[in-house]
Amino acid sequence: MFRVVCSLYPPSRSLSTFRTRTIAPQLRRLASIAAPPPLPLPRPHQTTVPPCRGGAALLTDRVARAARRRVRDDARRLRALGAPHVRSTRWAGLRAEVRAALLKYLDSDTTCFYQDYLDPLVCLQDTHWKPLLAWARGTFGIGLLTSELVLFSSQPAATKAALDKVLQGLDPWQMTAMERATYTTKYFIIALVLAHGRLTAEEAALASQVEVASQIEHWGEVEDTHEVDYHDVRRHLGSAACLSASV
């Protein structure tokens, strides 16, 4: 019986050969299939940072210098921020598609959905969401409908048309910030206010995590989940705020 069990396990040399010749190629093949396509990384000559975007110019210069030695993951993400700018500058036909994609988030924007129970959630909504809606209504003269029901149709067509004109008036850097913030938070209004420089990255992050903060206060925090999301949202919104800042 002992001999039979031992025969099931190959010698150490055979096991090492098996790992090298069989397992390693399969892992490389699976990694190549599951890996996402590489991000487009515009080179320095492809992106011209205007003087009014001093913060973005400084970070782009530092990343470009660091990339001469080694392209780290954080540098890759920062350099990739220039790709939407190059795209919106060179291909005007894509701008309408980008605006239409962003406006779809307006109908499902949670800043327009309110609850009248759970005191922590109501307090956070009043603190972070209502000032944003008031600013958008007063600045652009639009009507933003709010609801306390889950079944909510959509915002008025006139509001969408007015906000589409607002997006057309954004420069490529603001549009890049708007796109990044919208896709990160899934909030159109928060991204719009951030792109206009009326919110800091921290304020935008707090506004986008109102529901999560309420759940954490009620149920507690989930380790290695809420913490990761906490820092990831601030990293993306920080880069968007840097692009939209006129300093």
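Label separation (residue 123 vs residue 157): 4.4 nm, computed from points 7 Å beyond Cα along the C-beta direction.
For residue 129, nonlocal amide neighbours, meaning residues 5 or more places apart or on other chains whose placed amide H falls under 5 Å from its own, do not occur. The chymotrypsin sites (Phe, Trp or Tyr not before Pro) of the range 137-212 that meet both conditions, a loop assignment by DSSP and at most 16 other Cβ atoms within 10 Å of the site Cβ, are 152. Kirkwood's formula applied to the C-alpha pairs of the range 127-216 gives a hydrodynamic radius of 13.9 angstrom. Our summary gives the range 114-193 a relative contact order of 26 percent, counting only alpha carbon pairs under 8 angstrom and 6 or more residues apart.
If R0 is 22 Å, what FRET efficiency do you get for residue 107 and residue 229 from their C-beta distance, rounded to 0.05?
It comes out at approximately 0.40.
With the whole protein complex present, residue 95 retains an accessible surface near 100 Å², based on a 1.4 Å probe.
When you restrict to C-alpha pairs under 8 Å that are six or more residues apart and normalise by the size of the range 121-247, the relative contact order lands at 30 percent. Karplus-derived 3J(HN,Hα) values for the range 206-220, using 6.51 cos²θ - 1.76 cosθ + 1.60 with θ = phi - 60°, are 5, 5, 7, 10, 4, 5, 5, 4, 5, 5, 5, 5, 8, 10, x Hz; glycine and proline are entered as x. In sequence order, the range 181-190 has phi-based couplings of 5, 5, 5, 7, 9, 6, 10, 6, 5, 4 Hz under the Karplus curve 6.51 cos²θ - 1.76 cosθ + 1.60, θ = phi - 60°, and Gly or Pro positions carry x.
The values are calculated or read from the model by the stated rules, or taken from the named source; none is laboratory data. Computed from a predicted structure; not experimentally measured. All Cβ positions, glycine included, derive from the backbone under ideal geometry; neighbour counts span all protein chains shown. Accessible surface areas use protein heavy atoms only, side chains included; no ligands, DNA or RNA. Shrake-Rupley method; radii C 1.70, N 1.55, O 1.52, S 1.80 Å.
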